[in-house]
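Presented below is the structure to which this report refers.
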Amino acid sequence: MIADRPSLRHRLAERGVDRTLLLLVPGVVFVLALFAYPVLYGLQLSFQPAEGGGPFANYRKFFADPYLADTILITLRLAIPAALVNVLASVPIAYRMRGRFRGKRLLTTILVVPITLGTVLTAEGLIQYLGPVGWFNKIIIAVGLTDEPIRLVHNYWGVLFSLIITGFPFAFLLTLSYLSGIDPTLEQAAATLGADWRGRFRHITLPLLAPGLAITFCLTFVLAFSVFPSAYLVGLPQGETRVISIAAYEAAFRDADYPLGSAIAMIMAAVMLVVIGLVLAWRSRLYRGATGGKG
Amino acid sequence: MRNSVGGWLVWGAVAFFLVNLFGLVASVVVNSFATQWFGTWWPAGLTSSWYSTAWRELDLLGVLAVTLQVAVAVVVLSVLIGVPTAYALARGNFPGKKLVTVLFLLPILMPPMTYGIPLATVLYKFDLAGGMAGVIIANLVPSVPFVVLTMTPFIEQIDQKIEAAARMCGANTAAVFGRVLAPLLVPGILAASILVLVRTVGMFELTFLTAGPGSQTLVVSLYEAMFSAGIRAQQAVDAMAVIYTGSMLVLLVIALRFVNPTQLVTRMKEPT
């Protein structure tokens with residue numbers, strides 16, 4: 001049969017639909033079944049409260065009960081400073097580690113080691129090292145900075161330290177990779193034109209780095225906002241550091257109220273999206289052209 | 001500029017951070033060898049008996065076996081599912097490609113706690129959670145997208161003409177995959193596998209939400225041991241924590257032989 005139009009298969013192949021796409025099937029089915037379906041299932045479950053009272057009863061309950069609603073503020077108070085500290089500390093360190101120098105790989109490895117510590121060893125270490133009879137308090141008492149031990153664990157500070165220790169390697173590695181992507185000749189050109197290092201950083205490096213920093217902030221913020229084990233172990237899980245994950249976990253698995261647990265998980269995702277949205281909105285106003293880098 | 005005041009301040013801050021980090025790790029390690037340590041600079045005596053206590057009482061051998069089985073299963077399955085997808089994403093240019101990419105990006109960007117609670121609910125509904133199968137399935141959720149996202153740029157840089165040339169010489173699809181692509185993919189698969197391994201051994205939230213007795217990995221049973229601290233000597237818990245960190249460190253050192261440190265958190269390669 002001579003068709004006056006190419007066959008359907010041929011036309012589809014021209015638009016990129018061919019048998020190679022069959023390779024996508026297992027992966028896409030997997031993500032749809034085990035990621036998209038549970039999230040959507042949780043979303044619709046959150047509108048079916050266990051005790052009745054209309055589709056929004058769980059959300060009303062969350063915002064009406066200060067014990068639940070306050071977890072948003074508590075978590076933000078931990079996550080925003082932790083993310084800011086991690087990003088702001090990474091910039092000068094990464095800035096000085098751009099070039100090649102002896103021991104760079106070793107130093108990077110040491111800075112990355114906290115990834116291997118895991119939350120539990122970090123928590124255990126914080127309790128012993130920063131505890132009232134730990135080495136840290138012993139040293140500052142011996143030096144004479146204070147007369148009695150400072151309380152640094154089982155409160156807000158313990159969780160903040162834990163977030164900084166576990167989050168810093170991520171922020172640092174991301175910042176380093178963004179910084180290494182900026183072409184060094186741009187800065188050299190500015191130096192040739194007489195800019196001092198302050199001016200070079202302020203007018204060349206920082207504007208090129210800012211979009212990357214926004215992404216780094218978002219990723220470390222998300223990590224910190226979902227803090228869970230360390231809030232239990234080095235915090236005050238029923239008070240100062242009752243973060244939103246604890247509320248969601250307790251609702252779903254301690255009280256077996258899956259709809260409320262899902263509702264809190266959805267609120268958690270929504271708050272994160274709002275913060276990320278604000279940061280990305282600010283980012284879209286920045287210069288996002290070529291950084292001149294090769295990577 | 002290298003020796004300016006600002007430079008020294010930065011290195012000083014780094015040193016301060018590292019000294020405290022060292023003190024933190026050292027207090028756990030020292031305590032795991034201590035006979036008794038109450039409020040003094042150094043414990044009263046040293047012993048290694050806490051390690052055998054931890055080994056016996058916390059059933060470390062069983063926990064390590066579970067961890068190994070879960071990690072290997074997750075690595076193998078996520079490579080089997082993820083690599084074909086990465087191939088299709090790297091080679092194809094089809095309508096809806098962006099949407100598929102976003103679909104694979106979301107499980108990595110979203111914190112495990114947010115999708116973990118609905119996921120665990122669904123797994124409990126189908127009676128899958130509470131055992132090894134549930135733990136493996138839950139850990140696959142971020143691992144498969146991770147393999148896809150690390151392998152896609154890797155496959156993109158393999159020249160498509162090599163495949164075309166093999167076909168010209170008469171190779172069928174199986175031969176192209178088995179004898180041309182597979183050998184080229186091995187380094188990428190190795191790097192992706194080791195990263196998935198490190199992430200799975202360290203993954204707390206998803207395992208915690210789906211594990212039952214007998215299917216806890218090392219990091220979760222460590223948390224349980226610490227959470228019920230009153231029952232056990234703190235030194236035994238510390239011994240277990242040291243074993244956990246030791247094995248993670250070994251994995252990390254192996255991983256860093258194959259991949260750049262930057263790749264531990266992103267799929268970007270640091271330009272050389």
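Numbers at a glance
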read-out	value
Identity of the residue in the stretch A:251-267, part of a helix (DSSP H, G or I) and aliphatic (A, V, I, L, M), that ends up nearest to B:Thr121 (Cα to Cα)	A:Ala252
Residue match in the stretch B:80-88 (condition: under 13 Å from B:Leu206 (Cβ atoms) and either hydroxyl-bearing (Ser, Thr, Tyr) or within 11 Å of another protein chain (Cβ to nearest Cβ) (or both))	no
Selection status of A:Ala195, within 30 Å of A:Ala36 (Cβ to Cβ), in a loop (DSSP other than H, G, I, E, B), over 24 Å from the mean Cα position of the chain (by Cα) and not hydroxyl-bearing (Ser, Thr, Tyr)	no
Criterion: surrounded by fewer than 21 Cβ atoms within 10 Å (Cβ to Cβ), assigned by TED's automatic domain parsing to the domain that holds B:Glu205 and within 27 Å of the chain's Cα centre (by Cα) - qualifying residue of B:Phe126, B:Phe94	B:Phe126
Selected residue [in contact with a Ser or Thr (Cβ under 6 Å, 6 or more places away or on another chain), more than 10 Å from every other protein chain (Cβ to nearest Cβ) and of a type in the set (A, V, I, L, M)] from A:Ala247, A:Ala281, A:Ala265, A:Ala269	A:Ala247
Helices (runs of 4 or more DSSP H) fully within the stretch A:34-145 counting 1 or more residues that are away from every other protein chain (no Cβ under 13 Å)	A:57-64, A:66-96, A:135-143
Checking A:Leu152 against (1) facing another protein chain (nearest Cβ under 10 Å); (2) free of Cβ contacts under 8 Å to residues at least 60 places away in the same chain; (3) buried (at least 21 other Cβ atoms within 10 Å of the Cβ), the condition it does not meet	(1)
Any chance B:Leu9 is assigned to a helix (DSSP H, G or I), within 10 Å of chain A (Cβ to nearest Cβ), within 30 Å of A:Asn137 (Cα to Cα) and in contact with a Ser or Thr (Cβ under 9 Å, 6 or more places away or on another chain)	no
Residue within the stretch A:146-164 that is closer than 23 Å to A:Ala123 by Cα, in a loop (DSSP other than H, G, I, E, B) and in contact with a His (Cβ under 9 Å, 6 or more places away or on another chain) present	no
Verdict on B:Ile155 being surrounded by fewer than 15 Cβ atoms within 10 Å (Cβ to Cβ) and either within 11 Å of chain A (Cβ to nearest Cβ) or hydrophobic (A, V, I, L, M, F, W, C) (or both)	no
Every residue from the stretch B:102-149 that is modelled with pLDDT under 85 and in a helix (DSSP H, G or I)	B:Ile108, B:Leu109
Matching residues, the stretch B:89-105, being facing chain A (nearest Cβ under 7 Å) and aliphatic (A, V, I, L, M)	B:Val100, B:Leu103
Subset of the stretch B:21-60 [of a type in the set (A, V, I, L, M) and more than 10 Å from every other protein chain (Cβ to nearest Cβ)]	B:Ala34, B:Ala44, B:Leu46, B:Ala54, B:Leu58, B:Leu60
Some residue of the stretch B:35-53 being part of a helix (DSSP H, G or I) and within 24 Å of the chain's Cα centre (by Cα)	no
Qualifying positions in the stretch B:62-81 - closer than 15 Å to B:Leu222 by Cβ and surrounded by fewer than 15 Cβ atoms within 10 Å (Cβ to Cβ)	B:Gly62
Residue list for the stretch A:189-202, restricted to those being surrounded by 12 or more Cβ atoms within 10 Å (Cβ to Cβ) and either within 11 Å of another protein chain (Cβ to nearest Cβ) or more than 15 Å from A:Val91 (Cα to Cα) (or both)	A:Ala189, A:Ala190, A:Ala191, A:Ala195, A:Trp197, A:Gly199, A:Arg200, A:Phe201
Hits in the stretch B:166-211 - residues which are more than 30 Å from B:Gly130 (Cβ to Cβ), among the polar types (S, T, N, Q) and assigned to a helix (DSSP H, G or I)	B:Thr173
Only listed residue being among the β-branched types (Val, Ile, Thr) and within 12 Å of another protein chain (Cβ to nearest Cβ), chosen from B:Val196, B:Val141, B:Val186, B:Val180	B:Val141
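Results for (1) of a type outside the set (A, V, I, L, M, F, W, C); (2) touching a residue at least 24 places away in the same chain (Cβ under 8 Å), shown as yes or no for each residue.
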{"residue": "B:Ala174", "(1), (2)": "no, no"}
{"residue": "B:Pro183", "(1), (2)": "yes, no"}
{"residue": "B:Pro187", "(1), (2)": "yes, yes"}
{"residue": "B:Arg199", "(1), (2)": "yes, yes"}
{"residue": "B:Thr207", "(1), (2)": "yes, yes"}
{"residue": "B:Pro213", "(1), (2)": "yes, no"}
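Residue-wise test of (1) surrounded by fewer than 16 Cβ atoms within 10 Å (Cβ to Cβ); (2) in contact with a Cys (Cβ under 9 Å, 6 or more places away or on another chain); (3) without any contact (Cβ under 8 Å) to a residue 40 or more places away in the chain; (4) basic (Lys, Arg).
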{"position": "A:Leu12", "(1), (2), (3), (4)": "yes, no, yes, no"}
{"position": "A:Arg19", "(1), (2), (3), (4)": "yes, no, yes, yes"}
{"position": "A:Gly52", "(1), (2), (3), (4)": "yes, no, yes, no"}
{"position": "A:Arg60", "(1), (2), (3), (4)": "yes, no, yes, yes"}
{"position": "A:Leu68", "(1), (2), (3), (4)": "no, no, no, no"}
{"position": "A:Thr75", "(1), (2), (3), (4)": "no, no, no, no"}
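The values are calculated or read from the model by the stated rules, or taken from the named source; none is laboratory data. Being a predicted model, the structure only gives us computed values, none of them experimental. Because the Cβ atoms are built from the backbone with ideal geometry, glycine has one as well, and the counts that use them run over all protein chains shown.
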